[in-house]
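Peer 1: Structure provided below as structure tokens; questions to follow.
The values are calculated or read from the model by the stated rules, or taken from the named source; none is laboratory data. Everything numeric in this text was worked out from a predicted model, so none of it was measured. Neighbour counts are summed over all protein chains in view; Cβ atoms, including those assigned to glycine, are modelled from backbone coordinates with ideal geometry. Ligands, DNA and RNA are excluded from the accessible area calculation, which covers all protein heavy atoms including side chains. Shrake-Rupley method; radii C 1.70, N 1.55, O 1.52, S 1.80 Å.
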Amino acid sequence: MTASLPHQAAPPEEQLRTAETRGHQIRRRALTLLIIVLLIGVPAGYLVISANQSRDSGKDKEAKYSATGLTEGWPSKVQRRLYQVPVPHPANKVAYYETNNWRTSRLYVQFQTTHAGLDAFLAELGLTRTALGKDKITIGERDRDVTGWRFSGPGSRDGDYFGFVREQDDPDPTLDVVVNTANPLYPMVYVVSRTVP
């Protein structure tokens, strides 16, 4: 007669584990699927949103730097300091445009101000109204074509024009300034500041 071997008992955790019900299995798989979607979907969604924002930002910058003509608004403080164009307060109808190449950088600025603002602008440049020459349009045709400025000249219905050129040694900028007094209370000022790097 052969002796039967003793039957080995199941490990304790297997004893506690019961058969998984169908509902429990569906919930476990749904939870697993949700975790996978969150682990993959959230970072992927973030990357898509980030890429779109980056692309839109690039388009905005491209539009800004490829624009031709004046842009409404104030030039930055850095631009005003570099090109030495002190836009006074109060000022409205402020617009600017900057061009750069390997030979010359230019900042075009226009603004309308009060007579006190005009005096403050001139004082910042170290000048007074005596520097303004009547019927002296100092901004050249090339610069007028870039900005779209049209100066009708002496005897026009557009008011009187006054201008001056403030020349400085490189790298300090040279300023061509034209002031229009068509509005006797609020003169319009046009400035082209050019510098050679």
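Peer 1: What distance in nm separates the two pseudo spin-label positions at residue 78 and residue 100, each 7 Å out from Cα along the beta-carbon direction?
Peer 2: Modelled inter-label distance: 0.8 nm.
Peer 1: Decide, for the range 62-197, between rounded, prolate and oblate: order the square roots of the alpha carbon gyration tensor eigenvalues as a ≥ b ≥ c, take rounded if a/c falls under 1.5, and otherwise choose prolate if a/b is larger than b/c, else oblate.
Peer 2: rounded
Peer 1: Once neighbouring chains are kept in place and the probe is 1.4 Å, which whole percent of the accessible area of the range 111-194 is contributed by carbon and sulfur?
Peer 2: Of all accessible area on the range 111-194, carbon and sulfur atoms account for 46 percent.
Peer 1: Give the peptides 45-51, 78-84 in descending order of average Cβ contacts within 10 Å, highest first.
Peer 2: Sorting 45-51, 78-84 by mean packing, highest first, produces 78-84, 45-51.
Peer 1: Go through the range 85-95 residue by residue and turn each phi into a ³J(HN,Hα) via Karplus (6.51, -1.76, 1.60, θ = phi - 60°); whole Hz please, and just put x for glycine and proline.
Peer 2: Taking θ as phi minus 60°, the curve returns 10, x, 6, x, 10, x, 8, 9, 6, 7, 8 Hz for the range 85-95.
Peer 1: Further question: May I ask you to evaluate 6.51 cos²θ - 1.76 cosθ + 1.60, the Karplus curve with θ = phi - 60°, for each residue of the range 131-147 and list the ³J(HN,Hα) values in order in whole Hz, giving x for glycine and proline?
Peer 2: 6, 7, x, 5, 6, 9, 9, 8, 8, x, 4, 4, 5, 5, 5, 5, 8
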